[in-house]
1. Return a yes/no flag: does region 142-157 have any residue that is more than 27 Å from the chain's Cα centre (by Cα) and of a type in the set (S, T, N, Q).
2. Are any residues in region 175-188 more than 16 Å from L69 (Cβ to Cβ) and either among the basic types (K, R) or in contact with a helix residue (DSSP H, G or I) (Cβ under 7 Å, 6 or more places away or on another chain) (or both), and if so, which ones?
3. As an exercise: evaluate R189 against (1) open to solvent by 20 Å² or more (accessible area, probe 1.4 Å); (2) closer than 15 Å to I86 by Cα; (3) under 27 Å from the mean Cα position of the chain (by Cα) and give the number of the one condition it does not meet.
4. Hey, can you tell me all the residues within region 89-108 that are open to solvent by 30 Å² or more (accessible area, probe 1.4 Å) and among the hydrophobic types (A, V, I, L, M, F, W, C)?
5. Regarding region 9-30, can at least one residue be identified that is within 30 Å of N99 (Cβ to Cβ), open to solvent by less than 100 Å² (accessible area, probe 1.4 Å) and at pLDDT 70 or above?
6. Which count do you get for residues in region 40-88 that are more than 30 Å from P166 (Cβ to Cβ) and at pLDDT 90 or above?
7. If E111 satisfies every condition in (1) among the charged types (D, E, K, R); (2) closer than 22 Å to D178 by Cβ; (3) surrounded by fewer than 12 Cβ atoms within 10 Å (Cβ to Cβ) but one, which is the exception?
8. Tell me, which residue of region 114-134 that is part of a helix (DSSP H, G or I) and small (G, A, S) is surrounded by the fewest Cβ atoms within 10 Å (Cβ to Cβ)?
Amino acid sequence: MTMSVPRQVDSPDEPQPTEDRRHRNRRRALTLLIIVLLIGVPAGYLVISANQSRDSGKDKEAKYSATGLTTGWPARVQRHIYKVTIPVPSYKVAYYETNNWKTSRLYVQFETVPGGLDGYLRTMGLDRNDLKRDDITISARDQKITSWKFTGEGPWYGVVDKRENPAPTHDIVVNLADPQKPFVYVVARTVP
C-alpha cells in the first residue's frame, strides 16, 4: 500500500512560471469589469434615483402650492373621499382641494351634456326638480377661493346635498345658459 503525499507548496524563492501576455490582459480586463460593476452600477442607480426623487418633489410642490383651480380631473381617491362623480363626457374639468384641521374641501367644475347632468344628480339621489332657480348655494368665501363668479348669463340653479359627518356635503350650482352644455360647480366639504 502506497501512501500519497500531499503536494508541497512551491517555495517563494523558486521562480514562478511567467504569465503570457494574452492571459494577463484577460485577467486585467476581468478585474476592470468587476470593479466597474461593483462601483459603477450602484453609483448610476443612485444618480437616477436622486433625479427621480427630485423631479417627484417638484411635481408635488407644484401640485400642493397651487392656489386655485387646476385643469384636469381630480384623482380617483379624491373623487371617492368627497363622493364627487364627474359624468362622462365632461369638458373644462378643473379642481382644487383645501385641507385644514377643521374642514376639508374639494372644489370641482365641469361642463357636460344634459344626460350627464341628470346622471350626476342621480348619483346623489337628486334630480332637476331639486334645483332651485337663482339659489347660489356656494358661499362667497368659496367663490373667492376659486374665483368663481355667478353673475354672468344664466339661469343659475342651486341645491345643497347635506349629509351627516363624516359623509361630505355638496353645494352645487348649475349654469344653464346653454341647456345643451350645463356647467356644474361643486364644493364638497367634509369634517374629518
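1. Looking only at region 142-157, we keep the residues that are more than 27 Å from the chain's Cα centre (by Cα), and these are 149-157.
From what's left, of a type in the set (S, T, N, Q): 151.
Checked against the condition, which is being more than 27 Å from the chain's Cα centre (by Cα) and of a type in the set (S, T, N, Q), region 142-157 yields at least one hit.
2. Going residue by residue through region 175-188, those that are more than 16 Å from L69 (Cβ to Cβ) are 176-182.
Scanning region 175-188 gives P179, Q180, K181, P182.
3. (2)
4. The answer is W101, and nothing else.
5. no
6. Residues flagged as more than 30 Å from P166 (Cβ to Cβ) and at pLDDT 90 or above within region 40-88 amount to 0.
7. Here E111 meets the rest and fails (3).
8. Ranking the qualifying residues of region 114-134, first place goes to G115.
The values are calculated or read from the model by the stated rules, or taken from the named source; none is laboratory data. Since the structure is predicted, the reported quantities are computational estimates derived from the model, not experimental observations. Backbone-built Cβ (ideal geometry, glycine too); neighbour counts: all protein chains shown. Side chains are part of the model used for accessible areas, which takes the heavy atoms of the whole protein and leaves out ligands, DNA and RNA. Shrake-Rupley method; radii C 1.70, N 1.55, O 1.52, S 1.80 Å.
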